[in-house]
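Student: The following block contains the structure, expressed as structure tokens.
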Amino acid sequence: MTVIRGFDVVVIGAGPAGSRAAAQIARGARRVLLLEKRPRVGYPVRCAEAVGPREDVERYLPLDDRLVSSPVNGFLIVAPDGTRFERKMPGIGFVVDRELFDQRLAAAAVSAGAELRTGHQAVGLIREGTQVRGVRVKDLASGSEYDEPAAITVGADGVESLSPRWAGLKKSLRPDELFSCAEELIDGIELPGEAIEFHLGRRFAPGGYAWVFPKGKGKANVGIGINPLQAGGKTAVEYLNAFLAHRAPGGKRTRLVIGGCSVARGLSALAANGFVAVGEAANQNNPFSGGGIVNALEGADMAASAILHALSGGSASAKELGAYTREWRRTVGKSNDAFYHAARIFYGLSDEEMSRMGRKLSRVPGLFDEKGIRPLLMVRALVAARPRLLVQFAGSWLGGKGRR
Amino acid sequence: MNDRRGSITVDRNTCVVCGACAAACPAEALVVEGLSLVIVPERCRPCGIAALVCPTGALACPGGK
Ligand SMILES: Cc1cc2nc3c(=O)[nH]c(=O)nc-3n(C[C@H](O)[C@H](O)[C@H](O)COP(=O)(O)OP(=O)(O)OC[C@H]3O[C@@H](n4cnc5c(N)ncnc54)[C@H](O)[C@@H]3O)c2cc1C
Ligand code: SF4
């Protein structure tokens, strides 16, 4: 088979992280190959499809009616004892069509000049000593393998994230570093307006949470994510069935979504010699909520600018590419660290402790303004450290970055 | 229909090829190739982690802890 040579950068995975990184690098006039093992970008969907406010998303992709399934204008948290903690927050986010979202991002990479190859899977890295020199690729249609050399390889292969493991940046995820998830797109469910809804407690989601995210027209993504170590031998699908019986009895199941979602601690290094990891592959999801779409896009931009800089300077060393690690750790990585520690405490709480926290917070007047949490008021109101975690829980899904 | 490879077995009717097991398997004994789950039996230790994290209960790992 013909081997096409001469890419500056090979990107593994056409999710949000990979497509955005490919687009930005191609815009910097570099030759980029974007590899995607699935035949169709974005399909099947493995996501609850919630993203933050318009200004956060539109930095990367303009939103239109086809992309937006429903706006999110507030949230509702139901504590284990049934206490409801509710806030209206217009403009706080959106539930999107994730398949189309990913396809638009990939299309943007292609229009910027990147070459997209679907059905082509990275099966290993090419190395010279410690330097990564490109990717070993398998063409899944023919079964043949070939080398694709490149100065820099981007590992954006999502939760499975084998490429950062090959590059020595991370290990496999521990069972408590991922939410084991199951979700149905339900048609015919009663919804309290355009709020995203979370249910806490061991009954529905031990070590995680259950969610209801509105999809418009009486539909919603209804799902659960659990810590497998706390699940008492039951599967995510079993917990989902119990939650559906409670929250959406009679609703029609129209799309089953199954997946693992990383809630792992951030990596200490995101770059190796000739290699960077980005998105969920780089543990960039919010470790409290598991949310990772916008984080992946942010990580991609930081990675791309370090890559362009490294290429123009002629060095693809871990040291040179380490500018990306530093930028990430200074910004989103920093808040993710806080969320990681908060999550360790929060998801270890008993049902009673969680409920107590909910009751306390639901009595705090004016805790939120139109921009989100009012931190000073929160600190004053919640002298005890733990109740703050419930607010962080909502904040980890919603709200501007500045409030994190 | 069960594929028995090494210690780990997957029920192909239940597996939806989500890749959660591949993320957690320390030995790369489970890999998603395109849209199918491939098991590399000689790599399985077995440790039981993949079966634990699987959202559907498709994996059985009798030798796992
Ligand atoms: C049930 C569930 C619900 C979620 N809900 C939300 C939510 O509401 N909001 C939110 O922000 N986040 C959510 N997340 C997390 C979010 O989906 C991820 O953080 C996000 O997809 C990360 O983007 P990514 O580009 O890093 O990886 P991905 O989107 O996973 O993209 C990785 C791509 O790489 C491809 N790939 C993998 N290996 C290879 C290989 N070897 N060669 C070639 N291609 C490869 C994959 O096929 C895939 O297309 C959820 C996750 C789950 C499981
Ligand atoms: S975690 Fe379970 S459902 Fe997902 S790919 Fe592995 S065996 Fe299949």
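The values are calculated or read from the model by the stated rules, or taken from the named source; none is laboratory data. Note that the structure is a prediction, hence the values are computed from the model and not measured. With ideal geometry, Cβ positions are generated from the backbone for all residues, glycine too; neighbour counts draw on all protein chains shown.
Conditions (1) free of Cβ contacts under 8 Å to residues at least 12 places away in the same chain; (2) within 14 Å of chain B (Cβ to nearest Cβ); (3) buried (at least 19 other Cβ atoms within 10 Å of the Cβ), marked per residue:
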residue: A:50; (1), (2), (3): no, no, yes
residue: A:55; (1), (2), (3): no, no, no
residue: A:62; (1), (2), (3): yes, no, no
residue: A:65; (1), (2), (3): yes, no, no
residue: A:78; (1), (2), (3): no, no, yes
residue: A:89; (1), (2), (3): no, no, yes
residue: A:112; (1), (2), (3): no, no, no
residue: A:130; (1), (2), (3): no, no, no
residue: A:137; (1), (2), (3): no, yes, yes
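Student: Any idea which of A:137, A:110, A:132 is over 20 Å from the mean Cα position of the chain (by Cα) and part of a helix (DSSP H, G or I)?
Tutor: A:110
Student: crowded, with 24+ Cβ neighbours inside 10 Å, within 12 Å of another protein chain (Cβ to nearest Cβ) and not aliphatic (A, V, I, L, M), is that true of residue A:232?
Tutor: No: the conditions fail for residue A:232.
Student: Any residue that is touching a helix residue (DSSP H, G or I) at 6+ places or on another chain (Cβ under 6 Å) and outside any loop (DSSP other than H, G, I, E, B) - is there at least one of those in the range A:36-44?
Tutor: The answer is no; no qualifying residue exists.
Student: Which ones in the range B:7-65 are over 8 Å from the mean Cα position of the chain (by Cα), outside any loop (DSSP other than H, G, I, E, B) and away from ligand 1 (no atom under 16 Å from the Cβ)?
Tutor: B:11, B:41, B:42, B:43, B:49, B:52
Student: Same structure again: Residues being at pLDDT 95 or above and either surrounded by fewer than 20 Cβ atoms within 10 Å (Cβ to Cβ) or over 23 Å from residue A:168 (Cβ atoms) (or both): count how many of those fall in the range B:40-52.
Tutor: Result for the range B:40-52: 2.
Student: Helices (runs of 4 or more DSSP H) wholly in the range A:214-331 with at least 2 residues that are without any contact (Cβ under 8 Å) to a residue 40 or more places away in the chain, more than 15 Å from ligand 1 (Cβ to nearest atom) and among the hydrophobic types (A, V, I, L, M, F, W, C) - which ones?
Tutor: A:236-247
Student: A further question follows. Quick check, is residue A:266 surrounded by fewer than 24 Cβ atoms within 10 Å (Cβ to Cβ) and either facing chain B (nearest Cβ under 10 Å) or not acidic (Asp, Glu) (or both)?
Tutor: In short, yes.
Student: Would you pick out the residues in the range A:159-189 that are among the β-branched types (Val, Ile, Thr) and away from chain B (no Cβ under 11 Å)?
Tutor: Hits for the range A:159-189 are A:186, A:189.
Student: For a quick check of your reading of the model, give me the residue pairs whose first member lies in the range B:12-38 and is hydroxyl-bearing (Ser, Thr, Tyr), whose second is within 12 Å of ligand 1 (Cβ to nearest atom), with beta-carbon atoms closer than 7 Å and at least 6 apart or on different chains.
Tutor: The qualifying pairs are B:36/B:17.
Student: Then there's this: Scan the range A:140-177 for residues that are of a type in the set (Gly, Ala, Ser) and assigned to a loop (DSSP other than H, G, I, E, B) and jot them down.
Tutor: A:141, A:142, A:143, A:144, A:156, A:158, A:161, A:167, A:168, A:172
Student: On to the next question. Could you figure out which of (1) in contact with a helix residue (DSSP H, G or I) (Cβ under 7 Å, 6 or more places away or on another chain); (2) within 12 Å of chain B (Cβ to nearest Cβ); (3) not acidic (Asp, Glu) isn't true of residue A:156?
Tutor: Checking residue A:156 against (1) in contact with a helix residue (DSSP H, G or I) (Cβ under 7 Å, 6 or more places away or on another chain); (2) within 12 Å of chain B (Cβ to nearest Cβ); (3) not acidic (Asp, Glu), the one that fails is (2).
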